[in-house]
Every structure is written in structure tokens, then in C-alpha cells.
Amino acid sequence: MQLVVARIGRAHGIKGEVTVEVRTDEPELRLAPGAVLATDPASAGPLTIETGRVHSGRLLLRFEGVRDRTAAEALRNTLLIAEIDPAELPEEEDEYYDHQLMDLDVVTKDGVEVGRITEISHLPSQDLFIVERPDGSEVMIPFVEAIVTEIDLEEQRAVIDPPPGLIDERAEIVSSRAADEDGDGAEGADGDEAGASATADGGADTDGDRP
């Protein structure tokens, strides 16, 4: 499985170094010297990391064969993509790769369905689940422990305890996933209408961002 682990930013200096926007909680693993990364656009790579260092809080990388500022600047906005085992899990217990969270059913602790996770947005302060509601609208759920109380990958669901005002009363008490499995389309059994790694403490692991 291919996952985006970084985006190349501006050239730094005149010797081929570039700044990178890290999209993984495991840069020491994914962006280590010697790592060979695919790219988007594909024509820019593959790129082999030669050196890496932190400068003023930002990671700087130099790639094999990139020796001057002009070559480094030509890589700007290129996505760096790592190949990982789909069964691989983050090291921390409360971390998840984006691909593990995508398409999970989101339900409240009382069993009220909110929707499905269709996107994970990684902000500097926290991660957000973008959840598509049964009516096609979207709601943003902060991925923090106080709100997302459980991630059950076996049952393919995320359980939330939303504060007042986060979601509205349109949520229906029915699982759209169960309805799909029953073959009833958008109708549940009761006739009602039927979503790095991210971390529950608000950090971001975008190892799972889309390549």
C-alpha cells in the first residue's frame, strides 16, 4: 500500500536541500537516509533520501542526484510516497493510519448513527473526521479522546460522545453499513433512512494520506 509521508516545500540554501511538510508521525522511519520514495507526480521520482536534518524546527532533506538550488526548487510541491504493509500498525496504541479510519461508521455512545468517515483533515492543533451524513451533508468531528471514545476496527465503527451542538437531531438510529449488508439499500430494518495515522490526543499521523 502506498501512503503519502511528506510534501516537498521550498529549496533551502544552494546545495540541493529542501524543506518538507511531514505527514507522518514516524519521520525517523519513513524519511530516514537511504529511504527510496515514490513521488506524485511520478516523473519526479523515485527519490532516494541522502541526508536529513532539522533546522529551525523544520525537516530538511537532500536527495541523491539533487545537487543545487535549481534542481531542488524543481521538486517543490512533490508528494513523497512510501510503500507499507497494509497490515502494519503504528507503534502507539492510540494511533491509526488514515486508511484504517476511512469509511468507518460513526455512531454516538447511545447507538445513534451520525454517518461515515470520508476524509481525515490534519490541522496543526488536532485531527478532524469529515463525516458524511445519511442526507449527504457533512459534519466535522474533532479526533480527541474526550469526543471519540472508541475506535473499533473489527466492527468498523467509531463511537463518539459529542458535546451539545456538535451534531444535530437528524442522525438516525440505524447503521447504514448494516443496511447495506442486509441488501435494503438506504432503508434500515426499522424503515428509517440510513467515513498518517491519526491520534486520539489530537496529534496527526498522515501516513495514511491519499497518494
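The values are calculated or read from the model by the stated rules, or taken from the named source; none is laboratory data. Predicted model, so just to flag it, every value in this text is computed and none were measured. No Cβ is skipped: glycine too gets one built from the backbone with ideal geometry, and neighbour counts run over all protein chains shown. Surface areas here come from the heavy atoms of the whole protein model, side chains and all, with no ligands, DNA or RNA. Shrake-Rupley method; radii C 1.70, N 1.55, O 1.52, S 1.80 Å.
State which residue is least open to solvent (accessible area, probe 1.4 Å) when the search covers only the range 8-27 and only residues that are in contact with a Ser or Thr (Cβ under 7 Å, 6 or more places away or on another chain) and within 17 Å of residue 123 (Cβ to Cβ). I'd like the intermediate steps shown before the answer.
At the first step, the residues of the range 8-27 found to be in contact with a Ser or Thr (Cβ under 7 Å, 6 or more places away or on another chain) are 8-10, 12, 23-25.
Filter once more, so that each one left must be within 17 Å of residue 123 (Cβ to Cβ): 23-25.
Details: 23: 52, 24: 10, 25: 58 Å².
Here the answer is 24.
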The range 72-87, subset outside any strand (DSSP E or B) and exposed (fewer than 12 other Cβ atoms within 10 Å of the Cβ), residue modelled with the highest pLDDT: 85
Matching option when the condition is modelled with pLDDT of 90 or more, farther than 28 Å from residue 7 by Cα and assigned to a loop (DSSP other than H, G, I, E, B), among 146, 189, 171: 146
Subset of the range 56-71 that is open to solvent by less than 70 Å² (accessible area, probe 1.4 Å) and within 22 Å of residue 28 (Cβ to Cβ) - its residue that is modelled with the lowest pLDDT: 59
